[in-house]
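Colleague: Supplied in structure tokens, the structure appears directly below.
Quick note: the coordinates plus some simple rules give every number you see, no bench work behind them. Treat the numbers as computed from the prediction; the structure is a model and nothing was measured. Reconstructed Cβ throughout: ideal geometry from the backbone, glycine too, with neighbour counts over all protein chains shown.
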Amino acid sequence: MLMRKVPVFVPASPWGLRLPQKFLFLLFLSGLITLCFGALFLLPNSSRLKRLFLAPRTQQPGLEVVAEVAGHPLAREQESPPNPAPAVPAPGEGDASSQASTRRRKVWLRRTHPTGTREMATVARSSGSTALRPQEGGIPFSFDFNAFRSRLRHPVLGTRADESKEPQSLVRAQREKIKEMMQFAWRSYKLYAMGKNELRPLTKDGYEGSMFGGLSGATIIDSLDTLYLMELQEEFQEAKTWVEENFHLNVSGEASLFEVNIRYIGGLLSAFYLTGEEVFRVKAIKLGEKLLPAFNTPTGIPKGVVNFKSGSNRSWGWAMAGSSSILAEFGSLHLEFLHLTELSGNQVFAEKASVLPAPPTSEWWKVKVLLVSVSWQVRNIRKVLRKINKPFGLYPNFLSPVSGNWMQHHVSVGGLGDSFYEYLIKSWLMSAKTDVEAKDMYYEALEAIETYLLNVSPGGLTYIAEWRGGILDHKMGHLACFSGGMIALGAEDAKEEKRAHYRELAAQITKTCHESYARSDTKLGPEAFWFNSGREAVATQLSESYYILRPEVVESYMYLWRQTHDPVYREWGWEVVTALEKYCRTEAGFSGIQDVYSSIPNHDNKQQTFFLAETLKYLYLLFSEDDMLSLEDWVFNTEAHPLPVNHSDGSSRAGGRL
Ligand SMILES: *[C@@H]1O[C@H](CO)[C@@H](O)[C@H](O)[C@H]1NC(C)=O
Ligand SMILES: *[C@@H]1O[C@H](CO)[C@@H](O)[C@H](O)[C@H]1NC(C)=O
Ligand SMILES: *[C@@H]1O[C@H](CO)[C@@H](O)[C@H](O)[C@H]1NC(C)=O
């Protein structure tokens, strides 16, 4: 409803009003409409569902989608993906739009031509901000990249430690080793699967998967920031060139809103914030637009699956017979959508400009308005969740996007729930600690989790169980192991009397997750581990014994290291590096293994994109100085893509630490 209606309000003559007036007018209208449609909407943040889908045994062949590649006219595909809210052309717009399509075709030609692309980048650099003149790229709004960079408290890559110091040299060698692993993973991918979503290292070919709606290059987009961080310049350049020349958005399959958001949008946003290269901003926004149909539901809570061709939406078939949206999915949008809106156009720019820029395309206005209204919705997801009745203050994982009711009382800090909690605390941090609602909800949720889900085993291991309508499953998934890092990250802003407690809790959970690694033959952890029948922190069946290169445990090591500088976290991180080299490295890339309790590895033939985005990045950060991607300046989305903290203009560039 919402999405379909908004564009109708685009003034018939878009240039009749001054730019700022139009913007405010549209913003007001979209807000009004959102309000009228009710209170509903949502929350920010978190899921790692991806990981569930990728798990060898939970893959659903039925979800496999073959991207339809049927003919879209060239001009359409890049410039105008199927409009999520098929706009009724405003009266009098007909002529303009046919002109527009001619112009679009030219722009398209320029953009796909390599020279044109370089030209774009040059314009961006030489103008000092990333604004493109409308006639150059069709993106009339600017984002002041230099101003953004000047507000960071630390250089992005940190101020290097004195590399000649003795104790540093071991760490440096370890860091170099991890960099070599990244280089190897990248080169293998490039050699055998360039452009495909993932590398299959045993069969030495590429794999597209079913979650991305026909989009390709997931490994490339997920790797950009890691390559940049590790200063693998040649590889970064290869990745960037691929994005410029081959990352096409003219796809028409069915995609997971969540996966596309955290991997592609997150990866492009980070690449933009790290480099200021306009191509990443433009593609992030255009891809963001393609996701908007998912939000077209009675409650505003998005559905899990969006069809890029028809612009329709649906829920996952396995989610309560297609009736539910997943907490971790609709709860993990906030960070990215705030940035998308910000980058899609800067009101300040419009207000400050004494001479208005040439009229933006009406197409772009639509995108802008849609993004603003969807961001509003994304913020309101949280309000819906805040108001809704929660069993014991817990958030179940399945919610109907139609009625706004819980569909099942399954609560988990692992798969299906995880990143919802993560995005609450990260929304608070990313807002430079102004988003008090997110903070309050986070600590309330954490208290409920502690009261009802937290347990200590007879052997003294602290773990977070899963909850099914009041009954506990004494099990913890690998996915839930990110929670040690999350609790550490959130400890500082808790009530004073709770801070030490949360630090200790974070350390204990992380220790338990380490035990799940230490108790296996490979020193890698299983997908899920149990605490019952006298066995602790081990998988009890083969179907839960696999390890697919997941990052959550090293993610927690990284946060705990930054918080405590206890050398044990680097020791544990190094155990993982050693085990990966021994059991997961193959001739042509890294592969997951099917049984962590067998020292003769049975490879699963997949080099997951999150291995490059997350596992190797967190390991590298673990062996780097604290001011490399300082937590004062950056929050990591749930795919480990760094997004900047919103330091306001006024804040000084203090020489703070950590
Ligand atoms: C998308 O556009 C590119 C560039 O023209 C083309 O090579 C590709 O085949 C198109 N893909 C689809 C699915 O239409
Ligand atoms: C999306 O789902 C909602 C709720 O089921 C439905 O009303 C709406 O028509 C769907 N939108 C599209 C564009 O398919
Ligand atoms: C940053 O803060 C400003 C001012 O409060 C706000 O307008 C803007 O949307 C915020 N940006 C992000 C990405 O949160």
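Colleague: Name the chymotrypsin sites (Phe, Trp or Tyr not before Pro) in region 510-600 that are in a loop by DSSP and that have at most 16 other C-beta atoms within 10 Å, would you?
Modeller: Details: sites: 517, 529, 530, 531, 546, 547, 557, 559, 561, 569, 572, 574, 583, 590, 597; in loops: 546, 597.
Passing both the DSSP loop test and the Cβ count: 597.
Colleague: Whole-Hz Karplus ³J(HN,Hα) for region 632-643, in order, using 6.51 cos²θ - 1.76 cosθ + 1.60 and θ = phi - 60°, x for Gly and Pro?
Modeller: 6, 9, 9, 10, 9, 6, 6, 10, 6, 8, x, 10
Colleague: Label 7 Å along Cα→Cβ of residue 495; region 438-453 residues with amide nitrogen under 15 Å?
Modeller: 440-451
Colleague: For region 436-444, take each phi angle, set θ = phi - 60°, evaluate the Karplus expression 6.51 cos²θ - 1.76 cosθ + 1.60, and give the result in whole Hz per residue in order, putting x for glycine and proline.
Modeller: 5, 4, 4, 4, 4, 5, 4, 5, 5
Colleague: Could you give the distance between the Cα centres of region 437-453 and region 283-349, to the whole Å?
Modeller: Centre-to-centre (Cα) distance: 25 Å.
Colleague: Now, a different point. What ³J(HN,Hα) values, in whole Hz, does the Karplus curve 6.51 cos²θ - 1.76 cosθ + 1.60 give for region 539-545 when θ = phi - 60°, with x put for Gly and Pro?
Modeller: 6, 10, 9, 4, 5, 10, 9
Colleague: Please tell me the relative contact order of region 467-622 in percent, rounded to the nearest whole number, where contacts are Cα pairs under 8 Å and at least six residues apart.
Modeller: Here the relative contact order equals 24 percent.
Colleague: So for each of 622-630, 265-273, 372-380 I average, over its residues, the number of other beta carbons within 10 Å; can you give me the resulting order with the highest mean first?
Modeller: In decreasing order of mean packing, 622-630, 265-273, 372-380 become 265-273, 372-380, 622-630.
Colleague: Based on the mean of other Cβ atoms within 10 Å per residue, sort peptides 536-545, 302-311 so the most packed one is first.
Modeller: On the way: 536-545: 17.8, 302-311: 23.1.
Packing order, densest peptide first, comes out as 302-311, 536-545.
Colleague: Taking region 486-556, which trypsin sites (Lys or Arg not before Pro) meet the DSSP loop condition and have no more than 10 other C-beta atoms within 10 Å?
Modeller: Values: sites: 495, 498, 499, 503, 511, 519, 523, 535; in loops: 495, 519, 523.
When the trypsin sites (Lys or Arg not before Pro) of region 486-556 are filtered for loop state and at most 10 Cβ neighbours within 10 Å, 495 remain.
Colleague: Out of the GluC sites (Glu not before Pro) in region 227-307, which ones are loop residues according to DSSP with at most 12 other C-beta atoms within 10 Å? The partial results should precede the final answer.
Modeller: Values: sites: 231, 234, 235, 238, 244, 245, 254, 259, 277, 278, 289; in loops: 231, 277.
Within region 227-307, the qualifying GluC sites (Glu not before Pro) (loop, at most 12 other Cβ atoms within 10 Å) are 231.
Colleague: What nm distance separates the two modelled labels at residue 599 and residue 204, each placed 7 Å from Cα along Cα→Cβ?
Modeller: 3.0
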